[in-house]
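The values are calculated or read from the model by the stated rules, or taken from the named source; none is laboratory data. All values reported here derive from a predicted model rather than from experimental measurement. Using ideal geometry, Cβ is built from the backbone for each residue, glycine included, and neighbour counts are taken over all protein chains shown. To get the accessible areas, we keep the full protein, side chains included, count just its heavy atoms, and leave off ligands, DNA and RNA. Shrake-Rupley method; radii C 1.70, N 1.55, O 1.52, S 1.80 Å.
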Amino acid sequence: MKEYTFCWIRELALIFCLVNLSGAYKRARVSDEIVPESATASFSPNFYYGPRYAIDLQMTTYSYTTRGYGSTTWLKIHLDGLYCVKQVTEYANTGYPWTVWTCNSDSDCNCSGGGYYSTSSCNTTTVSIHTEDYKKSNLPDVRGCKYGDTVMLSKSSGADMVFFELVVTGNRAECSAGNYMTGSGCRKCAANTYSTDGASTCTPCPSGKFSPIGSTSSSSCKNE
């Protein structure tokens, strides 16, 4: 009986050690990180190296993507809404950044290096920001980020792509005062309502007061 008890204690200790070790390789989220909704890819030949492993926080897993039947190898990170994406960072399994792409409103994201393999990734991988489920209409002009709901990393040469961890940073898109956010972008507030910067809905004027379309504050609500 004592021998069996010792075996169980030994097995539990081993499981405890393995759990602790696996936890040590889980990275922490960074400032302004956008939590991805999902990831898809042109083709992953093995279930255990699918695109989701590029965004799972685990530094011991990785995604492996090939071009499949097309001419371009690509991996897409899908976001849960419309964001202004600032940077996309590729991390090594050591937890350090390999490559950083910085995004601007008027172009694809530019590679700015950041690690040992930065030159190689800069020369072969293109990072672009797209909108697939949301529209970008009537959004405020911005600098230093690009609006979209999908981040796409691609290689036109058809070469394979391996990513241990990809991190997207930025902020959720916000409408300027006098507008509110919808699934199709920013829309002006209706008459007799108003909104401030970043509003998702418009606030009705007090009873008996009126305001024009696109009003930006409660002071716009006046007696007729």
- Item | Looking only at the range 170-183, and only at residues there that are outside any loop (DSSP other than H, G, I, E, B) and open to solvent by less than 20 Å² (accessible area, probe 1.4 Å), the one that is farthest from residue 89 (Cα to Cα) | 179
- Query: Of 199, 190, which residue is closer than 26 Å to residue 81 by Cα, surrounded by 14 or more Cβ atoms within 10 Å (Cβ to Cβ) and touching a Phe, Trp or Tyr at 6+ places or on another chain (Cβ under 7 Å)?
  - Reply: 199
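Is it the case that the range 147-157 has a residue that's open to solvent by 40 Å² or more (accessible area, probe 1.4 Å) and either modelled with pLDDT under 95 or touching a strand residue (DSSP E or B) at 6+ places or on another chain (Cβ under 6 Å) (or both)?
Looking only at the range 147-157, we keep the residues that are open to solvent by 40 Å² or more (accessible area, probe 1.4 Å), and these are 156-157.
Narrowing the set further to residues that are either modelled with pLDDT under 95 or touching a strand residue (DSSP E or B) at 6+ places or on another chain (Cβ under 6 Å) (or both) leaves 156-157.
Looking through the range 147-157, at least one residue is open to solvent by 40 Å² or more (accessible area, probe 1.4 Å) and either modelled with pLDDT under 95 or touching a strand residue (DSSP E or B) at 6+ places or on another chain (Cβ under 6 Å) (or both).
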- Does residue 126 fit the bill of being surrounded by fewer than 21 Cβ atoms within 10 Å (Cβ to Cβ), closer than 30 Å to residue 25 by Cα, free of Cβ contacts under 8 Å to residues at least 60 places away in the same chain and touching a Leu at 6+ places or on another chain (Cβ under 9 Å)? yes
- Message: With the structure loaded, tell me whether residue 69 is modelled with pLDDT under 95 and in a helix (DSSP H, G or I) or whether it fails that test.
- Response: no
- Within the range 211-223, is there a residue that is of a type in the set (Gly, Ala, Ser) and closer than 23 Å to residue 55 by Cβ? no
